[in-house]
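See structure below.
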Amino acid sequence: MQYKRILLKLSGEALMGERQYGIDPKRLAEYAEDIKEIVKKDVQVAIVIGGGNIFRGVAGASNGMDRVQGDHMGMLATVINGLALQSALENVGVQTRLQSAIKINEVAEPFIRRRAIRHLEKGRVVIFGGGTGNPYFTTDSAAVLRAVEINANVILKGTRVDGIYTSDPEKDKSATKFDFISFDDVLKRGLKVMDTTAFTLSQENELPIIVFDMNKKGNLLKVVSGENVGTKVNL
């Protein structure tokens with residue numbers, strides 16, 4: 001395997017499958033099988049999931065809700081998604097630990113960096129819930145922060161699009177895909193890979209990002225094996 005330790009970033013929307021909201025058990029089971037496949041190859045896996053399938057703090061704030069309270073609700077949504085993924089992984093025999101940046105001791109361990117690394121070394125999948133524990137920071141920022149903290153080799157951003165394009169391929173049929181692109185080129189072209197805070201943190205720490213289609217069976221294994229799947233953002 002090309003990467004020994006990865007941080008997999010999944011959006012909350014990815015868990016909806018064909019639904020309009022919530023969690024699709026079928027999609028969850030598919031993800032669990034894909035993750036199990038790379039765990040069997042001795043890849044150390046950490047995961048950050050968004051909460052957009054349940055609640056978005058920004059959306060709440062736009063409708064008059066206090067932004068800080070909205071973001072805290074979003075953090076709780078990521079813990080719910082983390083519990084769902086933990087259950088799906090354990091159903092297929094993968095040992096899993098859920099760590100939360102906000103204290104919910106009855107359902108998740110508190111985030112402790114050394115403990116997280118030890119879990120990874122023992123072959124357990126570690127799911128990080130609760131974002132960064134702070135309002136105004138996205139789960140993209142949480143993903144990069146945790147990846148840096150655990151010394152991950154790469155951030156894998158699993159989406160429903162098979163990479164980064166010159167423009168939105170769902171709206172522009174003439175859009176062309178990049179196989180490789182530099183951090184500087186992403187910024188110059190104004191391409192949306194992650195929010196600016198997360199992207200800058202990744203660039204400063206020289207941590208590559210690979211954007212790929214998580215919904216295609218076997219893609220995760222191909223990416224971790226070093227095959228040219230999706231788009232790699234590097235220096």
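Go through the residues of segment 49-60 one by one and say whether even a single one is touching a strand residue (DSSP E or B) at 6+ places or on another chain (Cβ under 6 Å) and closer than 22 Å to residue 161 by Cα.
yes
Residue under question is residue 167, and the condition is that it be farther than 28 Å from residue 69 by Cβ, of a type in the set (S, T, N, Q) and either touching an Asp or Glu at 6+ places or on another chain (Cβ under 9 Å) or modelled with pLDDT under 95 (or both); does it hold?
Numbers: farther than 28 Å from residue 69 by Cβ: yes; of a type in the set (S, T, N, Q): yes; either touching an Asp or Glu at 6+ places or on another chain (Cβ under 9 Å) or modelled with pLDDT under 95 (or both): yes.
So residue 167 fits the description; yes.
Criterion first (part of a strand (DSSP E or B), open to solvent by 10 Å² or more (accessible area, probe 1.4 Å) and either over 20 Å from residue 214 (Cα atoms) or in contact (Cβ under 8 Å) with a residue 40 or more places away in the chain (or both)) does residue 157 satisfy it?
Working: part of a strand (DSSP E or B): yes; open to solvent by 10 Å² or more (accessible area, probe 1.4 Å): yes; either over 20 Å from residue 214 (Cα atoms) or in contact (Cβ under 8 Å) with a residue 40 or more places away in the chain (or both): yes.
So residue 157 passes the test.
Take the residues of segment 134-154 that are in contact with a strand residue (DSSP E or B) (Cβ under 8 Å, 6 or more places away or on another chain) and part of a loop (DSSP other than H, G, I, E, B): which is surrounded by the fewest Cβ atoms within 10 Å (Cβ to Cβ)? Break it down stepwise before answering.
First, pick out the residues of segment 134-154 that are in contact with a strand residue (DSSP E or B) (Cβ under 8 Å, 6 or more places away or on another chain): 139-140, 142-144, 146-147, 150-154.
Narrowing further to those that are part of a loop (DSSP other than H, G, I, E, B): 150-153.
Values: 150: 20, 151: 14, 152: 24, 153: 17.
Residue satisfying both the conditions and the ranking: 151.
When you scan segment 1-117 for helices (runs of 4 or more DSSP H) that lie fully inside it, which ones turn up with 2 or more residues that are of a type in the set (A, V, I, L, M, F, W, C), under 15 Å from residue 127 (Cα atoms) and open to solvent by 30 Å² or more (accessible area, probe 1.4 Å)?
67-91
Return the residues of segment 118-130 that are assigned to a loop (DSSP other than H, G, I, E, B) and open to solvent by 10 Å² or more (accessible area, probe 1.4 Å); say none if nothing qualifies.
Just the residues of segment 118-130 that are assigned to a loop (DSSP other than H, G, I, E, B), to begin with: 122-124, 130.
Answer for segment 118-130, where residues must be assigned to a loop (DSSP other than H, G, I, E, B) and open to solvent by 10 Å² or more (accessible area, probe 1.4 Å): 122, 123, 124.
Quick check on my filter: what residues within segment 21-43 are farther than 16 Å from residue 8 by Cα and among the acidic types (Asp, Glu)?
Answer for segment 21-43, where residues must be farther than 16 Å from residue 8 by Cα and among the acidic types (Asp, Glu): just 24.
Look at segment 100-130 and say how many of its residues are of a type outside the set (S, T, N, Q) and free of Cβ contacts under 8 Å to residues at least 60 places away in the same chain.
Keep residues of segment 100-130 that are of a type outside the set (S, T, N, Q), which gives 101-104, 106-130.
Narrowing further to those that are free of Cβ contacts under 8 Å to residues at least 60 places away in the same chain: 101-104, 106-115, 117-119, 122, 124, 130.
Residues that pass the stated criteria total 20.
Based on this model, can you work out whether residue 152 counts as among the aliphatic types (A, V, I, L, M), farther than 19 Å from residue 12 by Cβ and touching a residue at least 60 places away in the same chain (Cβ under 8 Å)?
yes
Within segment 176-189, does at least one residue satisfy the condition of being among the small types (Gly, Ala, Ser) and in contact with a Ser or Thr (Cβ under 6 Å, 6 or more places away or on another chain)? Write out each step before concluding.
In the first step, residues of segment 176-189 are kept if they are among the small types (Gly, Ala, Ser); the result is 182.
Now narrow it down to the ones that are in contact with a Ser or Thr (Cβ under 6 Å, 6 or more places away or on another chain): none.
Checked segment 176-189: no residue is among the small types (Gly, Ala, Ser) and in contact with a Ser or Thr (Cβ under 6 Å, 6 or more places away or on another chain).
The values are calculated or read from the model by the stated rules, or taken from the named source; none is laboratory data. Quick caveat, the model's predicted, so the values are computed rather than measured. Glycine gets a Cβ as well: all are built from the backbone with ideal geometry, and neighbour counts include every protein chain shown. Just so you know, the surface numbers come from the protein's heavy atoms only, side chains and all, with ligands and any DNA or RNA stripped out. Shrake-Rupley method; radii C 1.70, N 1.55, O 1.52, S 1.80 Å.
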